[in-house]
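The values are calculated or read from the model by the stated rules, or taken from the named source; none is laboratory data. Given the structure is predicted, the values throughout are model-derived calculations rather than measurements. Every residue, glycine as well, gets a Cβ built from its backbone with ideal geometry; the counts of neighbours run over all protein chains shown.
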């Protein structure tokens, strides 16, 4: 994780642009926008087509694929659209998070393997030797038949390795696969890495979530117009803050304020995907949020996955804080620490973690940095990867872009959201709701 797989593929795709070919990336739905963002960051020559929308819209895009250098779709949508790819041919077929095809009998695997192309790549941060059967499925995608059919592979390799612990067979298998694997691990390449790497991870709202957001956005615009018509801008700031907060909550999870909401959240899915991948890769994770009620939702997901965690919020006693911090740093079985941004942004030493997730953006950038520094401090021996989860086409994205444009604003020492708003003009605030 964070060792350059995406960047290597982008470099390869950029080198291919002059040849007028089309390639395809298939990835988890939570990473589609991240691929687009990374390509925009590192190469302005690659013309990207994201396959999404209604079934009719997706078919139209797929049929127009040759006008683009790269098609990006998700495993979920590929399963639905697979019949429309029957007559399509790609230069490169890239399976991101290739553990999604580790079970060769799933639709994820069968759909991906039915795509036609010249060269195939499988990207995964999880060591593929974790499971011999999973290894076969991945090789069955990139080099069909190289490791025989599954029954023969099971007899020649899987059973001797798993049941008999036959080291000679294991060595033979490694010799077969090693020419086709580029594996980088953190301890080997640490000198290449920055001390702290910050990545903006884009996510899309689920369908029901988006409907709610657009409904409240329209209502918000109306209320702001009425408010500013009746009162001065200065007197309206508090109400604007409330409306702003409501939209932010919908981006996190609508059930933060809608009691009867039974749908899901695109951001929550992305967060849980990041957590499970990080744990599989041997990392420990800090998750910060400005909404303590969001932790209850995240906790439910962690419990389903039987992931052990600690939680620190404002009413956590000091003695228990110290106990949890010590336990987290020394207990390898606890991989996740949920921390309220205000309660845990300072005074904690959590250097056993090397991944930090900011679930929702806090407009005070220095507060985010202070929170990140719970892991990135003296005693930290690993590079720290920071993920900021931003919901696409939302107020979160608009504020993030505004912060990037206004570097001075990002560096200001701001104590509250009210301070943030007080430094914005009337036009800037109204633009947030466009």
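Results, tabulated for the structure shown:
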read-out: Residue match in the stretch 328-336 (condition: under 28 Å from residue 32 (Cα atoms) and either in the same structural domain as residue 396 (by TED's automatic domain parsing) or within 25 Å of the chain's Cα centre (by Cα) (or both)); value: yes
read-out: Wholly enclosed strands (runs of 3 or more DSSP E) of the stretch 2-99 bearing at least 1 residues surrounded by fewer than 18 Cβ atoms within 10 Å (Cβ to Cβ); value: 48-50, 89-95
read-out: Set 214, 173, 164: member being exposed (fewer than 15 other Cβ atoms within 10 Å of the Cβ), over 30 Å from residue 355 (Cβ atoms) and at pLDDT below 90; value: 164
read-out: Residue in the stretch 138-147 that is over 21 Å from residue 9 (Cα atoms), assigned to a helix (DSSP H, G or I) and modelled with pLDDT of 90 or more present; value: no
read-out: Residue 387 being touching a residue at least 40 places away in the same chain (Cβ under 8 Å) and within 18 Å of the chain's Cα centre (by Cα); value: yes
read-out: Test set (1) within 20 Å of residue 205 (Cα to Cα); (2) outside any loop (DSSP other than H, G, I, E, B); (3) more than 16 Å from the chain's Cα centre (by Cα) - residue 269 fails condition number; value: (3)
read-out: Odd one out for residue 163, checked against (1) in the same structural domain as residue 33 (by TED's automatic domain parsing); (2) closer than 24 Å to residue 124 by Cβ; value: (2)
read-out: Index of the failed condition, residue 264 passing every other in (1) under 30 Å from residue 325 (Cα atoms); (2) within 19 Å of the chain's Cα centre (by Cα); value: (1)
read-out: Selected residue (only one of 239, 154 is on the phi < 0 side of the Ramachandran plot and either at pLDDT below 90 or in the same structural domain as residue 284 (by TED's automatic domain parsing) (or both)); value: 239
read-out: Filtered residue count, the stretch 100-122, keeping only those that are at pLDDT 95 or above and in a loop (DSSP other than H, G, I, E, B); value: 2
read-out: Close pairs (7 angstrom Cβ cut-off, 6 or more residues apart or separate chains): over 12 Å from residue 133 (Cβ atoms) in the stretch 103-116, surrounded by fewer than 17 Cβ atoms within 10 Å (Cβ to Cβ) anywhere; value: 107/79; 108/79; 111/79; 111/82; 114/82; 116/88; 116/89
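So that you can scan it fast, the table gives a plain yes or no per residue for (1) modelled with pLDDT under 95; (2) in the same structural domain as residue 264 (by TED's automatic domain parsing); (3) in contact with a helix residue (DSSP H, G or I) (Cβ under 7 Å, 6 or more places away or on another chain):
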| residue | (1), (2), (3) |
| --- | --- |
| 277 | yes, yes, no |
| 284 | no, yes, no |
| 292 | yes, yes, no |
| 301 | no, yes, yes |
| 308 | no, yes, no |
